[in-house]
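FYI, it's all coordinate maths here, none of it is from the lab. Because the structure is a prediction, the values reported are computed rather than measured. In this analysis, Cβ positions are derived from the backbone assuming ideal geometry, glycine residues included, and neighbour counts consider all displayed protein chains.
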């Protein structure tokens, strides 16, 4: 009898007079007896963040069906091309998903060691609240069902525990960060590397729709202070606020329709969405004029 998998660790434990558990199983189909040895893993000492910051790290974004990874240097710059590691979803059985999860984690740790990363940085996801929430919280209809299936298919707890155990055996630290920052931290490097690799850039009006929504949101937040300073009646301030909000909706609708219809330049192609843009510009101008008049009257 001889052990071949992790034989060195088993030998170290029995020579060091440490506990080892043995399980004996019989397979009647093959008429064979099996002896399994198992033992607990002592938790490795935590690595200070100062030490982790001096070396490369592997950023990991856990998604439905795949892992998005990117190597980052100590200054936060991406190194090389990002890589995607597949994950099994709900279409497989529990044992198959467990095997796919182990294979994905092995590939993840292999990539970290090959790139010389001392740690893996991953988002600290916890969908316990989302899994126990009802339709009123997560939405109804097809969208709500799709979101609930997506949440249920991401093995967050098992992924986190397995990664911590497997990384500890390889001497790789695991750092969990707030998921509110992982998409922005990995999003910009991944987009930059995607364009540098020769992939086609995103459509123009898809970018315009996102940037415009961000600018409109900042504008609306700034107008909160303008409404507080205004000396006009509440009716005028409410009307001005609705005009600004309506302008944002019209402009976002214009850019979204241009993207969906494949418009490259709305001016040269004389796109049919021009009335949306004109109405949005007029509404924004009138709303801003009302706020400016109110603020000047308060001075």
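Between the beta carbons of residue 36 and residue 15, assuming R0 = 22 Å, the FRET efficiency works out to 0.65 to the nearest 0.05. Sorted from greatest to least, the principal axis extents spanned by the alpha carbons of the stretch 204-298 come out as 46, 21, 17 Å.
With the biggest extent put first, the Cα atoms of the stretch 1-86 measure 55, 35, 19 Å across the principal axes. Modelled spin labels at residue 55 and residue 204, positioned 7 Å past Cα toward Cβ, are 4.8 nm from each other.
Between the stretch 1-59 and the stretch 253-293, what is the separation of their alpha carbon centroids in Å? So the separation of the two Cα centres works out to 63 Å.
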